[in-house]
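Student: Below you'll find the structure I mean.
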Amino acid sequence: MGLFKRKDRVEHITAVLKQDEHLYDEYSARSMKKWARDFNKIFKDMKKNGTPEELKGYLAYRHTLDCWKYDLKDMEETIFNTKEMGMDLPDDRSLPPRIGELTNLESLNVLGRALKIPDEFKNLQNLKTLLLAYEGDFPEIICELQQLEELQMTSSQFKSNPLNIGNLINLKYLQFNNVDFTEFPPSITDLIYLNDLGLDGNDIVEIPPAIEKMKNLQRLSLNRNPLFKVAKEISEIKTLKFLGLKQTPLSEEMKDQLKKWLPKTQIRFEFIYDD
């Protein structure tokens, strides 16, 4: 049976995987070193004695990269068939080429800010939801994931604007908050079926006339931008229900124009606090 009786073994593995607060203090360097040792031990034990069936789903969801690292052969089928994952980046902050094997994956949440995405990432053609922060030039390989419906890249540090994001014809929800954009990326206006766009916390100064192409947009947020100009063409978006413009230096004249152009849109210029 290995290190522990079956029930005790499962409970111990679970406690280590989830950093049980009764065993580990995340604010103590000594405690975290102990956790790292225990983490290594449980994966070596699973490689030697097998992975408990009741933990396979959680391990595939949360620890696929660790299962690959420790070569847990009995996890391969579960990992391949898993449709939703939330994974921590490895120390080098690069997704491994094996990520391309996850062709059944529909939802992926990458924890941390990635520095490298392999070419194999384009194999994830069933992916519908992607949460990923990235540092560097915009990773255009994401624009090859044709089934994407939701893309959140908040807190990325982009060195370039996306050029081909308009290829994501099924995209409905897009969040580029706090990503260092200095302009409204022109390619975003090609997303004519997009419903929700978040561009909070950037350095955008103008909403361009091309915004009129986004005929299905229902929600647009540009809070905390040095925005001073909005093109009149925004009035062509008849579907727009909400426009967030809090903490922007728009003139009173510009605000009045927006109210006239978008009489059916809820426009927020200021924060509203509940009593």
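The values are calculated or read from the model by the stated rules, or taken from the named source; none is laboratory data. Owing to the predicted nature of the structure, the values given are computational and were not obtained by experimental measurement. Neighbour counts are summed over all protein chains in view; Cβ atoms, including those assigned to glycine, are modelled from backbone coordinates with ideal geometry.
Student: Can Gly136 be described as free of Cβ contacts under 8 Å to residues at least 60 places away in the same chain, farther than 20 Å from Ile79 by Cβ and either surrounded by fewer than 20 Cβ atoms within 10 Å (Cβ to Cβ) or among the polar types (S, T, N, Q) (or both)? Explain how you work it out, then say what you get.
Tutor: On the way: free of Cβ contacts under 8 Å to residues at least 60 places away in the same chain: yes; farther than 20 Å from Ile79 by Cβ: yes; either surrounded by fewer than 20 Cβ atoms within 10 Å (Cβ to Cβ) or among the polar types (S, T, N, Q) (or both): yes.
Yes, satisfied.
Student: Taking only pairs six or more apart or across chains, which ones have beta-carbon atoms under 9 Å, a first residue in region 6-29 that is within 22 Å of Lys56 (Cα to Cα), and a second residue that is small (Gly, Ala, Ser) and not in a helix (DSSP H, G or I)?
Tutor: Final answer for the pair search is Arg9/Gly2.
Student: Among the listed residues Asn195, Asn167, Asn216, Asn202, identify the single one that is farther than 28 Å from Leu258 by Cβ and either modelled with pLDDT of 95 or more or surrounded by 15 or more Cβ atoms within 10 Å (Cβ to Cβ) (or both). Lay out the reasoning, then the answer.
Tutor: On the way: Asn195 fails: farther than 28 Å from Leu258 by Cβ; Asn216 fails: farther than 28 Å from Leu258 by Cβ; Asn202 fails: farther than 28 Å from Leu258 by Cβ.
Within the list Asn195, Asn167, Asn216, Asn202, the selection yields Asn167.
Student: Additional query: Which pairs do you get when a residue that is of a type in the set (Lys, Arg), found in region 41-60, comes within reach of a residue that is outside any helix (DSSP H, G or I), reach meaning Cβ atoms under 6 angstrom, with the pair 6+ apart or on two chains?
Tutor: Listed pairs, sorted by first residue: Lys47/Tyr70; Lys47/Leu72.
Student: Counting only residues that are more than 29 Å from Thr129 (Cβ to Cβ), give me the helices (runs of 4 or more DSSP H) lying completely in region 1-90 with at least 2 of them. Spell out the reasoning first.
Tutor: On the way: elements: 6-17, 29-49, 56-62, 64-69, 76-81.
Qualifying helices (runs of 4 or more DSSP H): 6-17, 29-49.
Student: Now for a different question. Taking the residues in region 170-187 that are within 17 Å of Leu243 (Cα to Cα) and under 17 Å from the mean Cα position of the chain (by Cα) as candidates, determine which candidate is surrounded by the most Cβ atoms within 10 Å (Cβ to Cβ).
Tutor: Residues of region 170-187 within 17 Å of Leu243 (Cα to Cα): 172-177, 184.
Still in the list and also under 17 Å from the mean Cα position of the chain (by Cα): 172-177.
Values: Lys172: 17, Tyr173: 16, Leu174: 22, Gln175: 19, Phe176: 26, Asn177: 19.
Step by step, filter region 170-187, then rank; the result is Phe176.
Student: Among Leu55, Leu89, which is within 17 Å of the chain's Cα centre (by Cα) and surrounded by 15 or more Cβ atoms within 10 Å (Cβ to Cβ)? Quick ask: steps written out before the conclusion?
Tutor: Details: Leu55 fails: within 17 Å of the chain's Cα centre (by Cα).
Answer to the check: Leu89.
Student: Show the residue pairs meeting these rules: Cβ distance below 7 Å; 6+ apart or different chains; first residue within region 263-275 and closer than 24 Å to Pro226 by Cβ and of a type in the set (Asp, Glu); second residue modelled with pLDDT of 95 or more and surrounded by 10 or more Cβ atoms within 10 Å (Cβ to Cβ).
Tutor: Glu270/Lys246
Student: Given the criteria within 18 Å of Ile204 (Cα to Cα), out of contact with any helix residue (DSSP H, G or I) (no Cβ under 9 Å at 6 or more places or on another chain) and in contact (Cβ under 8 Å) with a residue 24 or more places away in the chain, does Ser155 qualify?
Tutor: Working: within 18 Å of Ile204 (Cα to Cα): yes; out of contact with any helix residue (DSSP H, G or I) (no Cβ under 9 Å at 6 or more places or on another chain): yes; in contact (Cβ under 8 Å) with a residue 24 or more places away in the chain: yes.
The answer is yes for Ser155.
Student: Then there's this: Quick one: would you say Leu55 is closer than 20 Å to Leu105 by Cα and either at pLDDT below 95 or touching a strand residue (DSSP E or B) at 6+ places or on another chain (Cβ under 6 Å) (or both)? So that I can check it myself, show each step before the final result.
Tutor: Details: closer than 20 Å to Leu105 by Cα: yes; either at pLDDT below 95 or touching a strand residue (DSSP E or B) at 6+ places or on another chain (Cβ under 6 Å) (or both): no.
Here the answer is no, as Leu55 does not meet what is asked.
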